[in-house]
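The values are calculated or read from the model by the stated rules, or taken from the named source; none is laboratory data. In this text, all values refer to a predicted model and were calculated from it rather than measured experimentally. So basically every Cβ, Gly included, is an ideal-geometry build from the backbone, and we count neighbours across all protein chains shown.
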There are 2 protein chains.
Amino acid sequence: MSIVVVGSVAFDTIASPSGKVEGVLGGAATYFALSASYFTDVRVVAIVGEDFTAEHENVLKKRGVDTRGIEHAKGKTFRWGGQYLDNLNEAKTDFTDLNVFQNFQPHIPSHYQDSQFLFLANIQPDLQAMVRREMKTARLTGGDTMNYWIKDFRGELLATIRDWDFLLINDSEARMLSGEHNLRRAAQKIVEMGPHTLVIKRGEYGAILFHRDRHFMVPGYLLEKVFDPTGAGDCFAGGFIGYLAEKGFDLKAGHIDNKELSRAVIYGSVLGSFCCEKFGVDRFRTLTRADIDARFNEFRACTEF
Amino acid sequence: MSIVVVGSVAFDTIASPSGKVEGVLGGAATYFALSASYFTDVRVVAIVGEDFTAEHENVLKKRGVDTRGIEHAKGKTFRWGGQYLDNLNEAKTDFTDLNVFQNFQPHIPSHYQDSQFLFLANIQPDLQAMVRREMKTARLTGGDTMNYWIKDFRGELLATIRDWDFLLINDSEARMLSGEHNLRRAAQKIVEMGPHTLVIKRGEYGAILFHRDRHFMVPGYLLEKVFDPTGAGDCFAGGFIGYLAEKGFDLKAGHIDNKELSRAVIYGSVLGSFCCEKFGVDRFRTLTRADIDARFNEFRACTEF
């Protein structure tokens, strides 16, 4: 089953204790697509400016990602700058230049319409809803959001996620969205808002999946060195949804294989961990499916008792 | 196999978002002993003042804990006051009145000498070393420490832990002791300091065990409500060492059953989680071994894939 991802393509300027890079390829849709490409066909809907070259596009194409839904507009691509201090879980934003992203009106190309999975990365909730309406045939829809939309676009966001199948957010977003500090209670409230499957991402501390009355927890992979956590959450989503798509997994079905759903969380964790090993999307230039499966097995060895 | 625990018995005044209690029974040795008592015989070495009554002692005795090594001195018992704000992982200390604990000179009673396990809770490293010398026959020795000793008594601490088998500390202590922020690298450095088995406790985020070239990770149990995290780390230690003692597990042996070692970490996590469900040691008034084993199985269900 193939996946359509809608979200940002960006150029990031990142400083971490391990170094600094300027204007490197990034954005939620980019990270998600690269990550999910190890599992299934991925199609991107995004907007870029004139500074987005064939070389940039080739990073995606080399991984077999369908880039025909990327709109090329006049102006500059979205640019973000941020830095990580000792706490690698949290970025301090230096600047956000939306540029062409400001006028992003995502549309699903007709040749994407047969995709069964739709992932709505972090964009304005109304745009997410609009895309959802354009792709009613998607068997499984869900996405991500962020503190800004939760705080200032609450009504739109709640209306948007009401008919999502899954939501992947981080712990502070889950707390803000639910108004509950305790994650178990936060999850109960969020599931009542619509998505029957919720993944709360906790950065270096791992992730928790909530599905119906069950939850599954995984600790974060213990990296020896974290170069750059930018995009790790999007890569997690790519691994998670990618694995479900590869398996042709239907979350709406009456009989859910809970073990497979848990394995999707592990694949998400695996991809998120690889993402941190180099700056930007660099790790994906050499990463193989064999590397991914080896780390999946490492997760088992480190958590099984 | 029985365990001797050396550490504090205290009266705690605790405020958390769930309420407030004043002068309730606490202290590292108390929490450790109650927790380990579900697995094996536990013997306490501690010092208390005249305000420590038969009623307090009965909390331990009811769980079969040997209290004959508790010295009754003139004056008041150690008192600690602290509060937890929204971040339940960290206490803000309001006061520390050492009282009789200031002159604590721990000695192992002769009828404790046949114990195979020695747990040195967080006390002055020189006192830990002294007790260790008094109990050379212990097959397995280890303990806990805290930021104060790491910072201001580094030499004594390093000399003390050099011949320990295991060390259980929290993540910020591990970082301070090793000078490494990354926990994997921190663990490598600490293991080189002596203890062949290291458990890094991460509060609500679980724990990591390092043993030789292997590590095992467990996420924290997802409590619906945390009343009071005081003592959770000591209860973790009690569950961990308690299970190893129950199994007659010899960490020094050439062939270590890694799965059993991992299960000890789970039992530690289970006991730590129960500790948080009521203020002070209250949860141990009703907790049964069946409750503990049920939560052990819950851990498996929540982490297996």
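Below are the figures for this structure:
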| read-out | value |
| --- | --- |
| Criterion: surrounded by 16 or more Cβ atoms within 10 Å (Cβ to Cβ), free of Cβ contacts under 8 Å to residues at least 40 places away in the same chain and more than 29 Å from B:E277 (Cβ to Cβ) - qualifying residue of B:L177, B:L158 | B:L177 |
| Number of the exception - A:A159 against (1) closer than 20 Å to A:A138 by Cβ; (2) within 14 Å of chain B (Cβ to nearest Cβ) | (2) |
| Flag for B:L168 being more than 25 Å from B:A33 (Cβ to Cβ) and either hydrophobic (A, V, I, L, M, F, W, C) or within 14 Å of chain A (Cβ to nearest Cβ) (or both) | no |
| Residue match in the stretch B:274-284 (condition: within 26 Å of A:V265 (Cβ to Cβ) and at the interface with chain A (Cβ under 10 Å from one of its Cβ atoms)) | no |
| Odd one out for A:I123 among (1) within 18 Å of A:A36 (Cβ to Cβ); (2) out of contact with any Leu (no Cβ under 8 Å at 6 or more places or on another chain); (3) in a helix (DSSP H, G or I); (4) of a type in the set (A, V, I, L, M, F, W, C) | (3) |
| Residues satisfying the stated conditions in the stretch B:139-198, i.e. part of a loop (DSSP other than H, G, I, E, B), hydrophobic (A, V, I, L, M, F, W, C) and under 30 Å from A:P17 (Cα atoms) | B:M146, B:F153, B:M193 |
| Complete set of residues in the stretch B:247-270 that are more than 15 Å from B:F166 (Cα to Cα) and buried (at least 17 other Cβ atoms within 10 Å of the Cβ) | B:R263, B:I266, B:Y267, B:S269, B:V270 |
| Selected residue (criterion: farthest from A:K201 (Cα to Cα)) from residues of the stretch B:171-200 that are within 13 Å of chain A (Cβ to nearest Cβ) and among the charged types (D, E, K, R) | B:K189 |
| Residues of the stretch B:206-234 classified as outside any loop (DSSP other than H, G, I, E, B), within 13 Å of chain A (Cβ to nearest Cβ) and surrounded by 23 or more Cβ atoms within 10 Å (Cβ to Cβ), total | 7 |
| Filter pass, B:F240 being facing chain A (nearest Cβ under 9 Å) and crowded, with 22+ Cβ neighbours inside 10 Å | no |
| Selection count where residues are crowded, with 16+ Cβ neighbours inside 10 Å and under 30 Å from B:S172 (Cα atoms), scope the stretch A:74-90 | 5 |
| The stretch B:68-95 - residue that is of a type in the set (V, I, T) and part of a strand (DSSP E or B) and, of those, modelled with the lowest pLDDT | B:T93 |
| Criterion (at pLDDT below 95 and among the acidic types (D, E)) met by exactly one of A:D213, A:D228 | A:D213 |
| Condition check for A:I266: part of a helix (DSSP H, G or I) and more than 14 Å from chain B (Cβ to nearest Cβ) | no |
| Flag for A:Q124 being within 30 Å of B:E180 (Cβ to Cβ) and surrounded by fewer than 21 Cβ atoms within 10 Å (Cβ to Cβ) | no |
| B:D165 vs. criteria without any contact (Cβ under 8 Å) to a residue 12 or more places away in the chain, acidic (D, E) and either more than 22 Å from B:I200 (Cβ to Cβ) or surrounded by fewer than 22 Cβ atoms within 10 Å (Cβ to Cβ) (or both) | no |
